[in-house]
Amino acid sequence: MSDIFSAEVAVVGGGPAGLVAAIALATAGVDTLLIAPPAEPDHRTTALLAGSVTALETLGVWPVCVPHAALLRKIRLIDDTQRLIRAPEVLFTAAEIDLDAFGYNIENRHLIAALEARTVELKLARIAGAAVSITPDAAGVSIKHIDGETRVRLVIGADGRRSLCRAAAGIETTQRLYPQTALTLNLAHARPHDDTSTEFHTASGPFTLVPLPGRRSSLVCVLDPARAAELVAMSDAALSAEIERRAHSLLGKMAVEPGRGMFPLAIETADAFARDRIALVGEAAHVVPPIGAQGLNLGLRDGATIAELVAEARRQNTDIGAPGVLARYDTQRRADVTSRSIAVDLLNRSLLTDFLPAQGARGLSLYLVDRIGPLRRALMREGVAPAASRPRLMRGEMV
Ligand SMILES: Cc1cc2nc3c(=O)[nH]c(=O)nc-3n(C[C@H](O)[C@H](O)[C@H](O)COP(=O)(O)OP(=O)(O)OC[C@H]3O[C@@H](n4cnc5c(N)ncnc54)[C@H](O)[C@@H]3O)c2cc1C
């Protein structure tokens, strides 16, 4: 008996990575079903690097984001460790690599609203509830959800760090937990940010202010968990003063806005990015600490890559969930994810360590980056457009 499929692909999870994957597939003409409960409130922001912005432009999402997005023209790194060996201050300027900006910072709620609006425009079918069971077999995948059961050829698992899709594919992860928590909030400040993101490297982790439109910024403050719990319990006035002190009054008087988040820091990578007709994207595939704005930028490259491979398999009239397609996806994403995870891990651990040679190595690296123009420019280019992964959407081409 031949199988009956209700859609070619189901994307499970409606966070930003899943929404981008679903939109990319739908725009490529792939019959796509989104299985995703309504988005939870998210006060975080995302620094979207140039390739991600190009992809959102190509998918018709960016115009709705523009009023809510702040340009990132400069990135400043300041060693605030008070240690014996300190790194020099480094300022990266997008103009040095002939770009107007490295990217844009946007509140996740605005990004998700823009992506959801695009799924509605595209009339993308959606089941507004969670998948409760996912069972792959040789010919397809069966998914149980609030509206019954769906059968598809391929599942895109975009269901976050505790991914049901990943478990259904029998994929394990490799994880490292850090003794750190990120406190996140948005704030207003008296002085302009000058389109500059400032990252203070402290002995407990980075303290990063990223521009939002107007005289506002988002903050990611990485601390030991006990200190983070103390800060999050402070009154608005006390917390505003504490953050201004930690920012050395760089942006003048500060006033925190409602909405504080706490995120324990971890690095976690799936041992395979796809198996058994299930491909993982976003945090279902990899979690990286919020240092250097890598997480969702990787997640968008995942979505763009799998959409490209599925569209290609369809053009060739082959099975879109075949082992060969999944193996190509795994290979194409591995180097990008691994290199970013290693870089973020090394930077974070070099801050935490009391081991003098490691502090010296970090200081020397930043000294060289500061002094050697070609190295600086190569690093900046790699940051916005990684050599290991340039899916078509990131180049402004449809999949
Ligand atoms: C403090 C902080 C700051 C960050 N800043 C940046 C930054 O500046 N730049 C950057 O690139 N990245 C950043 N990141 C990383 C970025 O936030 C994540 O990579 C991104 O949110 C992950 O998106 P996602 O769609 O993979 O997962 P999520 O946003 O977790 O979405 C998963 C979705 O799946 C749904 N779901 C779960 N189970 C099921 C199920 N069974 N069925 C259906 N749906 C399900 C959930 O409801 C959720 O909507 C930051 C992270 C942190 C913690």
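Overall, the anisotropy analysis places segment 65-116 in the oblate class: the square-rooted eigenvalues a ≥ b ≥ c of its C-alpha gyration tensor yield a/c not less than 1.5, with a/b not exceeding b/c. The Cα atoms of the chain cover 72, 43, 37 Å along the three principal axes, with the biggest extent listed first. Each residue of segment 316-328 is assigned a 3J(HN,Hα), and the resulting list reads 8, 6, 10, 5, 6, x, 5, x, x, 5, 5, 5, 5 Hz, derived from the Karplus form 6.51 cos²θ - 1.76 cosθ + 1.60 (θ = phi - 60°), x at Gly and Pro.
Charge tally for ALA238 (other residues, Cβ to Cβ under 12 Å; Lys, Arg +1; Asp, Glu -1): -3.
The calculated 222 nm mean residue ellipticity attributable to helices in the chain amounts to -11500 deg cm²/dmol, summing -39500 (n - 2.57) over DSSP H runs of n ≥ 4 and dividing by all residues.
Label reach from ASP137 (point 7 Å along Cα→C-beta): in segment 1-21, amide nitrogens under 14 Å belong to 1-5.
May I ask for the percentage of alpha-carbon pairs in segment 35-140 that lie more than 16 Å from each other? Above the 16 Å cut-off, segment 35-140 has 71 percent of its Cα pairs.
Based on the Cβ-Cβ distance from MET262 to LEU379, what FRET efficiency comes out when R0 is 41 Å, to the nearest 0.05?
The pair MET262/LEU379 has a calculated efficiency of 0.85.
Helix 295-315 versus the longest principal axis of the chain: what is the Cα-based angle in degrees, 0 to 90, to the nearest 10? The angle comes out near 20 degrees. Most simply put, the chain has about 75% antiparallel DSSP beta bridges, counting only bridges with both residues inside it. Were the residues from GLU149 through ASP100 laid out at 0.36 nm apart, the gain over their Cα-Cα distance would be 12.8 nm. Cα centroid separation, segment 31-45 to segment 49-122: 21 Å.
Cα centroid separation, segment 197-212 to segment 241-268: 9 Å. Net charge of the neighbourhood of ASP194, taken over other residues with C-beta under 12 Å away and scored Lys/Arg +1, Asp/Glu -1, is +4.
Each peptide in 314-320, 273-279 receives the mean, over its residues, of other Cβ atoms within 10 Å, and ordering these scores from highest gives 273-279, 314-320.
Values quoted throughout were computed directly from the atomic coordinates according to the rules given, and no laboratory measurement underlies them. Since the model is a prediction, treat every value here as computed from it, not as a measurement. Ideal geometry is used to build each Cβ from the backbone, glycine not excepted, and the neighbour counts take in all protein chains shown.
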